[in-house]
Amino acid sequence: MSMKYPFLDLKDVNLPYMEEMIEAATRVIRSGRYIGGEEVERFEHSLAELTSTRYAVGVSNGLDALRLILKSYVELGVMNAGDEVIVPANTYIASVLAISDAGLKPVLVDVDIRTMNIDTSLIEAAITSKTKAIMTVHLYGRVAWDETLADVARRHGLKVIEDCAQAIGARSTTAGLNGSVQAGSLGDAAAFSFYPTKNVGALGDAGAVVTNDETLARTVKALTNYGSDRRYHNIYCGYNCRLDPIQAAMLSVKLPHTDEENADRFARALAYSRTISRQDIVTPLLSRSVNDNVWHQYVIRVLDGKRDLLQQRLASAGVGTDIHYATPPHRQPCYAGLPHGPLPVTERLAEEILSLPIGPGTSVKDAAEIAEIINGIEL
Ligand SMILES: *Cc1c(COP(=O)(O)O)cnc(C)c1O
């Protein structure tokens, strides 16, 4: 169905950058360098700067970025098979897949109904003698970081890994473990995704790991390249998970515009929040500061079991919507055997959440119009 207000059209996302991207692509094609090299290094340098970290390693995608952090900790002996990693239950499945793929055990912790991010007051009770890390996920672009999380991590000597796939450019109102406030530098290591729909997207799959830990960065880098630390010398049984120079070149065009793109998203979010006014809809918590949410998604809660009906009515009115995510990881067939405690908030959110259009193809005016349509719908 063709929508008057599509949820997200990727052509709109790249339109403003088209000429620069074509120029950059041409440069790569003419260079004769199609793996590694200057384009990748330039992008890594810019990303390290943007995230206030010392090291950035370009990788194949966001899932691999998370996997490689955990696999590196295993190679370095920081973690061992069977160790536990705490992760929010309301997340994209990739966060959880990365943990189980590294031979570690995901321990799902429920989320806060207001932020939809990990409920940090529940973390301490989930810690056992096997717990080695907390993976905090800045879901929907909202930074999932507070004193409670930082304090628990410090007292128990846990690594903190940030899943920044949806949160490039976000900043915390609370300083991270080393005093920094940029998402990506709050914990010990962070993973980014540049999947085309993310706030900064490539023209295919791409991702990155950032950290201040030189040993970790070196290990991640080696693992992306068959586990080799120098040509034809393999210290690890590694992978081929590199970032392509053609994607790095595309990302170098777009990365400098991160803050502008995020500011536009915030303006659309404000238009929704100021206009939507219904007893049976809860709009997302507004940020304490402009940047502690970069609004990857604008997620409302539709009460009284009326979410699916609203989604249908909106589609009939020409408004595309999506659900992030209708089935949480612990309800997926692949995790049927995963032990977990009760996750009432995550389960409730799965029934109530609805994502409204907030990407570059949606203007502030569109958002206000969509909000009026929502106000006028009979449920
Ligand atoms: C997109 C995403 C990932 C995975 O990134 P890919 O590049 O698609 O592999 C991981 N975690 C979260 C929260 C995501 O949104």
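Test Ala202 against the stated conditions and say whether it is within 12 Å of the ligand (Cβ to nearest atom), in contact with a Leu (Cβ under 6 Å, 6 or more places away or on another chain) and not hydroxyl-bearing (Ser, Thr, Tyr). Spelling it out, Ala202 is indeed within 12 Å of the ligand (Cβ to nearest atom), in contact with a Leu (Cβ under 6 Å, 6 or more places away or on another chain) and not hydroxyl-bearing (Ser, Thr, Tyr). Of Asp322, Asp280, all but one fail to be within 16 Å of the ligand (Cβ to nearest atom) and among the charged types (D, E, K, R); the exception is Asp322.
Table: residues versus (1) of a type in the set (Val, Ile, Thr); (2) in a loop (DSSP other than H, G, I, E, B); (3) at positive phi.
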residue: Leu149; (1), (2), (3): no, no, no
residue: Arg154; (1), (2), (3): no, no, no
residue: Ile161; (1), (2), (3): yes, no, no
residue: Ala190; (1), (2), (3): no, no, no
residue: Tyr195; (1), (2), (3): no, yes, no
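Go through the residues of the stretch 58-73 one by one and say whether even a single one is crowded, with 24+ Cβ neighbours inside 10 Å, more than 16 Å from the ligand (Cβ to nearest atom) and touching a residue at least 40 places away in the same chain (Cβ under 8 Å). Yes. Which of the residues spanning the stretch 1-39 are farther than 30 Å from Ser316 by Cα and among the hydroxyl-bearing types (Ser, Thr, Tyr)? Of everything in the stretch 1-39, those that are farther than 30 Å from Ser316 by Cα and among the hydroxyl-bearing types (Ser, Thr, Tyr) turn out to be Tyr17, Thr26, Ser31, Tyr34. Does at least one position in the stretch 106-115 carry a residue that is within 12 Å of the ligand (Cβ to nearest atom) and either closer than 18 Å to Thr327 by Cβ or touching a residue at least 40 places away in the same chain (Cβ under 8 Å) (or both)? No: the stretch 106-115 contains no residue that is within 12 Å of the ligand (Cβ to nearest atom) and either closer than 18 Å to Thr327 by Cβ or touching a residue at least 40 places away in the same chain (Cβ under 8 Å) (or both). For the stretch 205-217, the tally of residues that are surrounded by fewer than 16 Cβ atoms within 10 Å (Cβ to Cβ) and either assigned to a loop (DSSP other than H, G, I, E, B) or touching a strand residue (DSSP E or B) at 6+ places or on another chain (Cβ under 8 Å) (or both) stands at 1.
For Tyr92, state whether it is open to solvent by 40 Å² or more (accessible area, probe 1.4 Å), away from the ligand (no atom under 16 Å from the Cβ) and of a type in the set (Phe, Trp, Tyr). Taking the combined requirement at face value, the residue does not satisfy it. For the stretch 121-147, the candidate set comprises residues that are of a type outside the set (D, E, K, R) and part of a helix (DSSP H, G or I); within that set, the residue that is farthest from the ligand (Cβ to nearest atom) is Ala125.
Within the stretch 175-197, identify whether any single residue is within 16 Å of the ligand (Cβ to nearest atom), of a type in the set (Val, Ile, Thr), within 30 Å of Leu10 (Cα to Cα) and buried (at least 21 other Cβ atoms within 10 Å of the Cβ), and answer yes or no. No, because not a single residue in the stretch 175-197 is within 16 Å of the ligand (Cβ to nearest atom), of a type in the set (Val, Ile, Thr), within 30 Å of Leu10 (Cα to Cα) and buried (at least 21 other Cβ atoms within 10 Å of the Cβ).
The values are calculated or read from the model by the stated rules, or taken from the named source; none is laboratory data. Because the structure is predicted, anything quoted here is derived from the model rather than measured. Quick reminder, even Gly has a Cβ in these numbers, built from the backbone with ideal geometry, and neighbours come from all protein chains shown. Areas reflect the complete protein model, heavy atoms only, side chains present, ligands, DNA and RNA absent. Shrake-Rupley method; radii C 1.70, N 1.55, O 1.52, S 1.80 Å.
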